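A short worksheet on the structure shown next.
The values are calculated or read from the model by the stated rules, or taken from the named source; none is laboratory data. Bear in mind the structure is a predicted one, so any value in this text is a computation, not a measurement. No Cβ is skipped: glycine too gets one built from the backbone with ideal geometry, and neighbour counts run over all protein chains shown. Note: areas computed on protein heavy atoms with side chains; ligands, DNA, RNA excluded. Shrake-Rupley method; radii C 1.70, N 1.55, O 1.52, S 1.80 Å.
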Amino acid sequence: MQTEINTIWIDLNEELYMFILGKVKNEQTAKDIHQEVFFKIQTKIHQLKHTSKLTSWVYQITRNTIMDHFRNIDHRKIALTEVDIPETASSDFNYSKLTDCINSKIENLSSVHKEAIVLTSFKNYSQKELAAHLKISYSGTKSRVQKAKSILKETILDCPNVTADNSGKLIDFEKN
């Protein structure tokens, strides 16, 4: 049995870690889940009936452990006033010039849409994490985020000093 666990470690260690990191987006959390997965493998390997299904069994344990992590996340509300909105560029457009405009437009959103924008755009929540945080369906979360982005885009494009192309993509901004 110890040989099987060593083989699993050698064959799947890095691949599993990268899989977990891709799902949780936090290195320390990924390391914790990774360790928990191998602990579960070690304690439950005797339950595996067909060694030909070893990899799928390991990945099922990994997926379940990740889901357990998301279920156990503290669902307390985050105070939106405490969120630091970054002033770094995310594309070739000068985002820092827009910061005051964007901040005021975000502040004018309804609390529901403001929370969706802030948590997904600035706190790096995935839409699935947001759904768990808000305790609503994933499809409801996707709709909420899409609507919030649409409202925000329209309000920013209404600014007199913003220029957009025909598709609505922001191309220029004149600072007042």
Calc'd 3J(HN,Hα), segment 105-118, phi into Karplus 6.51 cos²θ - 1.76 cosθ + 1.60 (θ = phi - 60°), Hz, glycine/Pro = x, comes to 5, 5, 4, 7, 6, 5, 4, 5, 6, 4, 4, 4, 5, 5
Restraint check, Lys123/Lys169; Lys114/Lys169; Lys114/Lys153, Cα-Cα greater than 19 Å
Lys123/Lys169; Lys114/Lys169
Sequence order, segment 119-124: Karplus ³J(HN,Hα) from phi using 6.51 cos²θ - 1.76 cosθ + 1.60, θ = phi - 60°, Hz rounded, Gly and Pro as x, gives 6, 7, 8, 10, 10, 6
Keeping the other protein chains in place, figure out the carbon and sulfur percent of the accessible area of segment 1-53, with a 1.4 Å probe.
51 percent
In Hz, Karplus ³J(HN,Hα) per residue of segment 35-51 (6.51, -1.76, 1.60; θ = phi - 60°; x = Gly, Pro):
5, 5, 4, 5, 5, 5, 4, 5, 7, 10, 4, 5, 7, 6, 8, 10, 5
Return the FRET efficiency for the residue pair Asp165, Ser104: r is the Cβ-Cβ distance, R0 is 22 Å, and the value is rounded to the nearest 0.05.
0.40
Can you give me the long-range amide H partners of Ala164? Hydrogens built in the peptide plane at 1.01 Å from N, cutoff under 5 Å, separation of 5 or more residues or another chain.
Ile171
